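Written out below as structure tokens is the structure these notes cover.
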Amino acid sequence: MKGSFLTPIRVLVCLVLLSCFVYACGDDASDDDDDSLSDGDAADGDEPDEDGDATEEDGDDTDQGPGLHDTGLSLVPQQDGQWNLLRGDTVLLRFPLDALQLGTVPELTDTDSYDPYWMESDDVLFGGYLPEGFVWQDLQAVTFEQTSDTQLSATADFGNGLSARLVFDLVSEGHVQWQILPQAENDPVAMIRLRPRTTETEGFYGLGEYFDTPNHRGKLRAMQIEADFGLESAYNEAHVPIPFIVGSTGWGLFVEDFHPGIFDVCRKENDLLEITFGTGVDSPDGLLVHLYAAEHPLDITRHYYETTAYPRLPARWALGPWIWRDENRDQAEVESDLAKIRELDLATSGYWIDRPYASAVNSFDFNPSQFTDPQAMIDLAHDLGFRMALWHTPYVSDDQEAAIPLHEHAVENGFFPPVTGLDLNNWSHPVDLTNPDAYDWWQGLIRNYTDMGIEGFKMDYGEDIVPGLGGTRTPWEFFDGSNELIMHARYQLFYHRVYAETIPDDAFLICRGGTYGDQANVSLIWPGDLDASLTRHGEEVEDNDGDFVVGVGGLPSALVAGQTLGVSGFPFFASDTGGYRHSPPNKETFMRWYEHTALTPAMQVGTSSNDVPWEYDNDNGFDDESLTWYRTYARLHLRLFPFFWTYAKDLHVSGRPILRSLGLAHPELGEHPWDTYLLGEELFVAPVHEEGATQRTALLPPGEWMDWFDGELYTGGQTVTVEAPLWKLPLFLKRGAVVPMLRPTIDTMSPTTEPDTVDSYVTDAGRLYAVLAAGEDGSFDIFDGAKLSQRMDGNTLIVETQNGDEFNQGFMLQIFLIQSEPSELQMDDQTMSAQSDLDELADVDSGYAFTSELGGTLWIRVPEGNHTITIPSPVLR
């Protein structure tokens, strides 16, 4: 995790500054560009209705006339040459004549990167740059031809010998594939731009990992790493850019292309989405675009998975928690940590070792001066119920003695790229994994660790290949003939795949970068180096020298990134709990951060100053209170495993993200808050992220919601203010919800050889616990086939349980929102025994007890098997 792009990018700036003066010759073309954009008004005929949805005034688009039609969407050409994407009679996207532009130049050069970011960027050095003679060519006319029921083709005429063939294919229900094939007789095409019209009010989600807001309206998003000297990191933090955008009205657009691209999301006009890709010499191959539609915007991601790949699920134990240090002093410290975690009763499933642990980067060993018997250390971790992972990169150090033989072997065998640009790391060129021999060699080296029992890797760096800076190329060439214009993204596929194909089945990867389709390799994303603070992306933060810099953001950035990634095809995200830059976090930051990560699918804990929860000092301010509440939240996270894993398995069915932005889950609210989210349909989370705050104001989703910690009941669809002292996460349970959980004593999801002291799910799944919020119908089908449901039949509450393959030892139900003890409960027409308290209840196989906590809670212990519990006339809150 150490290092940054700061120094190499500044070097690159110096190298290209001398050529900046040449760029001025493109200024005239910039004026042409502005003129073409000013003509981009919406075509006549389609206007947004009062709800913000575009509708067809005369209803012609609902007829099954020329075009592509299925029950999910229609793509319909209009008489004036435009075409529309519809769902039913609702126009989702409009494509007027100016919705397709081709950018031409007199000659394609080897020095231009044709990166469209720089022509739209506000960068003071390079913003507004255009290649010499660049002109946007406007579409003059489109002629459509219905070639079959599932294919529509068209000829797009731009004049002056420039045209494009358009082919629309109905791939499946709700999915149209659109191929754009430019044909230039004179000036060659350098860029392709789409300019569809949307509604003026909807939200836009996806596009990969971002830190400022999950709704991209008003933002310019680059699909590659770019320099940004306004930020402390000196680049735009675009580690996982995904050219896939989802509109909250129920459509999606995915550009299946690795060339440099940008999404300009309604910055210029409220309904104008501009998507530009610099295809350069590859322009004759065209651009492949996918259009999706669904009744609910959460269902769009399933279409994207069908097009690219469904996500690789992490190993079960990776749903953690896990703990790490940025620098492990030696084997004794690792073994001490493992023992301390169990001694302090901190629920933990994994431990990873960050650098430095090897003799060099990457010598594929353990430094014998630090780790005298690494196999014994790994075996101890396994005995105590931990899985173990290592930090890794795609380099071989060229100046560290232990790695030099491997580096020399790579050089001699051509395992580095034939042409290299500027390395954005301190160790070597990245290994050229497009070379099959290099790929096999690297796999063999990885096995040095997996054969010892290493079950995961934290994948850092691998982001050296960038298209250029200020429009100037930084040339790279790889064994397979590809260059930096696509390998800036595609390298991630090779880098991650070589590990994904080598690690055992019960293992996982957590990666810093990624690209589309990479979800088939990558189990989790972590966001790189966030600030150890509560500041937002772009806010000033104080560094450890007392200076103020413009930060990448702390906890708020983590809140946003998890939301943007989930809908973009990477449903598992884990930020460094506590932050990394400018560590240590103070007590407040650490507590607010672990409260949040406990209520995400994955929880990993560590900082750059090695702030493990049990080590207190004057710098971090940790104390017994912070440790006690860490224990509580880590345990809560682990207990939610059945809930999270059920939603994980459902990804391959519904495709819906686990962590969901409120504006995408409930577009009917018309609001797009950045700092709250839903987990599935049952839980709503509003983390506290403001320094010193002891209350939290949030817009609740529709329905009734119960505060998880104090039992207060709130009506949704409105903004509420709740108490949030330092220890308390604003977490809400929906009325009617059923949430399955593990038993309260669970320590780990990993196997152990010491079951008497370490309580492992692998040893014994045990009785399934569940919380239910009474008063509405609800159910939960658990991943192993177990089922729980509740329903109101008149004035009777009926709860049904069903065994599963793993959870087959009965249930412990905790039913909230029951105000007083019921007079009698029936199970399968037999009266259940009432117990005076929970201690007595724990001694029977079947029975119930009532407590006053959280405004009234009914506990029911149910034996194994399938049962129906009847609760007559409960007094509900």
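Counting helices only, and only those DSSP H runs with n ≥ 4, report the 222 nm mean residue ellipticity of the chain as the sum of -39,500 (n - 2.57) divided by its residues, in deg cm²/dmol to the nearest 500. Display every interim value, and only then the final one.
Values: 15 runs with 160 residues, N = 877.
Counting only the DSSP helices, I get -5500 deg cm²/dmol.
How large is the accessible surface per residue of the chain, computed with a 1.4 Å probe and reported in Å² as a whole number?
Numbers: 29500 Å² over 877 residues.
For the chain, the per-residue accessible area is 34 Å².
For residue 781 and residue 411 in one chain, what is 0.36 nm times their gap in residues minus the Cα-Cα distance, to one decimal in nm?
Details: separation 370, 0.36 × 370 = 133.20 nm, distance 5.45 nm.
Extra length from residue 781 to residue 411 when fully extended: 127.7 nm.
In debye, nearest 20, what is the charge dipole magnitude of the chain about its Cα centre with +1 on Lys and Arg Cβ and -1 on Asp and Glu Cβ, if you could check?
Details: 48 positive and 150 negative charges, 406 e Å.
It comes to approximately 1940 debye.
What is the distance, in nm, between label points placed 7 Å from the Cα along the Cα-to-Cβ direction at residue 109 and at residue 382?
In this crude spin-label approximation the distance works out to 6.0 nm.
In whole angstrom, how far apart do the alpha carbon centroids of segment 712-769 and segment 846-877 sit?
First find each Cα centre; the distance between them is then 18 Å.
For segment 213-345, just the Cα atoms, rotate onto the principal axes and tell me the three extents in Å, largest first.
Principal axes ranked by extent give 59, 40, 32 Å for the Cα atoms.
In square angstrom, rounded to the nearest 10, how much accessible surface does residue 447 have for a 1.4 Å probe?
100
With +1 on the Cβ of every Lys and Arg and -1 on the Cβ of every Asp and Glu, and nothing else charged, how large is the dipole of segment 391-464 about its Cα centre, in debye rounded to the nearest 20? Write down the numbers at each step before the final one.
Values: 2 positive and 14 negative charges, 42 e Å.
Dipole of segment 391-464, to the nearest 20 debye: 200 debye.
What number comes out for the charge environment of residue 311, summing +1 per Lys or Arg and -1 per Asp or Glu over other residues with Cβ under 13 Å away?
On the way: positive: 302, 312, 649, 656; negative: 306, 518, 650.
Net local charge, residue 311 excluded: +1.
Among residues other than residue 802 whose Cβ falls under 12 Å from its Cβ, what is the net charge (Lys/Arg +1, Asp/Glu -1)? Write out the running numbers ahead of the final one.
Details: positive: 787; negative: 781, 784, 800, 805, 864.
My count for the surroundings of residue 802 gives -4.
Of the heavy-atom accessible surface of segment 271-422 (probe 1.4 angstrom), what whole percent is carbon and sulfur? Please list the in-between numbers first.
Working: 2270 of 4860 Å².
Result for segment 271-422: 47 percent of the exposed heavy-atom area is carbon or sulfur.
Would you mind counting up the charge near residue 152? Only other residues with Cβ under 10 Å from its Cβ, with Lys and Arg at +1 and Asp and Glu at -1. Present the calculation step by step, with values, prior to reporting the outcome.
Details: positive: none; negative: 145, 149, 169.
With Lys, Arg at +1 and Asp, Glu at -1, the neighbours total -3.
Quick one: which of 203-214, 474-485 comes out on top by average Cβ neighbours within 10 Å, and what's the full order, highest first?
Numbers: 203-214: 25.6, 474-485: 18.8.
Ranked from most to least packed, the peptides come out as 203-214, 474-485.
What order, most packed first, do the peptides 755-762, 601-608, 567-574 have when packing is the mean number of other Cβ atoms within 10 Å of each residue?
Numbers: 755-762: 16.0, 601-608: 24.6, 567-574: 27.9.
Sorting 755-762, 601-608, 567-574 by mean packing, highest first, produces 567-574, 601-608, 755-762.
FRET efficiency for residue 146 and residue 480, Cβ-Cβ distance as r, R0 = 30 Å, nearest 0.05? Intermediate values should be presented prior to the final figure.
On the way: r = 39 Å, r/R0 = 1.30.
Computed FRET efficiency for residue 146 and residue 480 comes out at 0.15.
P(r) of segment 510-628 in 10 Å steps, Cα pairs, percent per bin?
14, 44, 31, 10, 1
Using the Kirkwood radius over Cα pairs, work out the Stokes-Einstein diffusion coefficient for segment 271-345 at 25 °C and 0.890 mPa s, in µm²/s as a whole number.
Numbers: Rh = 18.5 Å.
Value of D from the Cα-based Kirkwood radius: 133 µm²/s.
Taking +1 at the Cβ of each Lys and Arg and -1 at the Cβ of each Asp and Glu, which of 233, 362, 811 sits farthest along the dipole of the chain towards its positive end, judged by Cα position relative to the Cα centre?
Highest projection toward the positive end goes to 811.
If you build the convex hull over the alpha carbons only and average its shadow over all orientations, what do you get for segment 705-779? Give it in nm² to one decimal. Walk me through the numbers before you get to the answer.
Working: hull surface 28.4 nm².
Across all orientations, segment 705-779 yields a mean hull projection of 7.1 nm².
Dipole magnitude of segment 608-683 about its Cα centre, charges +1 at Lys/Arg Cβ and -1 at Asp/Glu Cβ only, in debye to the nearest 20?
On the way: 6 positive and 13 negative charges, 126 e Å.
My answer is approximately 600 debye.
Roughly what angle does helix 641-650 make with the longest principal axis of the chain, taking Cα atoms, 0 to 90 degrees, to the nearest 10?
So the helix axis and the longest Cα principal axis differ by about 40 degrees.
If you stretched the chain out fully between residue 697 and residue 864, how much longer would it get, using 0.36 nm times the residue separation minus the C-alpha to C-alpha distance? Working shown, then result.
Values: separation 167, 0.36 × 167 = 60.12 nm, distance 4.25 nm.
Extra length from residue 697 to residue 864 when fully extended: 55.9 nm.
What are the equivalent ellipsoid semi-axes of segment 413-480, built from the alpha-carbon gyration tensor (square roots of five times its eigenvalues), in whole angstrom, biggest first? Write out the running numbers ahead of the final one.
Numbers: eigenvalues 145, 46, 14 Å².
Equivalent ellipsoid semi-axes, largest first: 27, 15, 8 Å.
Would you work out what percent of the accessible area of segment 577-642, with all protein chains in place, is carbon or sulfur (probe 1.4 Å)? Working shown, then result.
On the way: 700 of 1670 Å².
Answer for segment 577-642 is 42 percent, counting heavy atoms of protein chains only.
Where the eigenvalues come from the Cα gyration tensor of the chain, what are the semi-axes √(5λ) of the equivalent ellipsoid, largest first, in whole Å? Kindly include the intermediate steps, with their values, before the conclusion.
Working: eigenvalues 432, 265, 108 Å².
The answer is 46, 36, 23 Å, longest axis first.
At a Förster radius of 56 Å, what calculated FRET efficiency corresponds to the Cβ-Cβ distance of residue 845 and residue 71, to the nearest 0.05? All intermediate terms of the calculation are to be shown ahead of the outcome.
Numbers: r = 50 Å, r/R0 = 0.89.
The computed FRET efficiency comes out at 0.65.
Put a dot 7 Å past each Cα toward the Cβ at residue 270 and residue 167; how far apart are the dots in nm?
Between residue 167 and residue 270, the simple spin-label model gives 4.0 nm.
Using 0.36 nm per residue of separation minus the Cα-Cα distance, give me the extension gain between residue 185 and residue 853 in nm, one decimal. Provide the component values of the computation, followed by the final result.
Working: separation 668, 0.36 × 668 = 240.48 nm, distance 7.78 nm.
Separation in residues times 0.36 nm, less the Cα-Cα distance, equals 232.7 nm.
May I ask you to give the average projected area over all directions of the convex hull of the Cα atoms of segment 133-248, in nm² rounded to one decimal? Don't jump to the answer; show the numbers that get you there.
Values: hull surface 41.1 nm².
If I average the Cα hull's projected area over directions, I get 10.3 nm².
At what distance in nm do the modelled label points of residue 623 and residue 452 sit from each other, each positioned 7 Å from its Cα along Cα→Cβ?
Going from the residue 623 label point to the residue 452 one covers 4.1 nm.
Just want the answer: with Cβ charges of +1 for Lys and Arg and -1 for Asp and Glu, which residue in 633, 651, 612 is farthest toward the dipole's positive end in segment 540-674?
Positive-most Cα among the choices belongs to 651.
Between segment 608-681 and segment 238-256, what is the separation of their alpha carbon centroids in Å?
Rounded to whole Å, the Cα centres lie 24 Å apart.
In whole percent, and with a 1.4 Å probe on the protein chains, what portion of the accessible area of segment 518-565 is carbon and sulfur? Let's see the in-between values first.
On the way: 490 of 1280 Å².
Here carbon and sulfur together make up 39 percent of the probe-accessible area.
Based on the mean of other beta carbon atoms within 10 Å per residue, what is the order of 353-362, 670-679, most packed first? Walk me through the numbers on the way to the answer.
On the way: 353-362: 21.4, 670-679: 19.8.
Result, highest mean first: 353-362, 670-679.
Cα to Cα, under 13 Å, and not fewer than 8 places away if on the same chain: which aspartates and glutamates meet these conditions relative to residue 649?
Hits, sequence-local ones excluded: 781, 784.
The values are calculated or read from the model by the stated rules, or taken from the named source; none is laboratory data. Note that this is a predicted model, so its numbers are computed, not measured. Backbone-built Cβ (ideal geometry, glycine too); neighbour counts: all protein chains shown. In case anyone asks, the SASA skips ligands and DNA or RNA and just uses the protein heavy atoms, side chains included. Shrake-Rupley method; radii C 1.70, N 1.55, O 1.52, S 1.80 Å.
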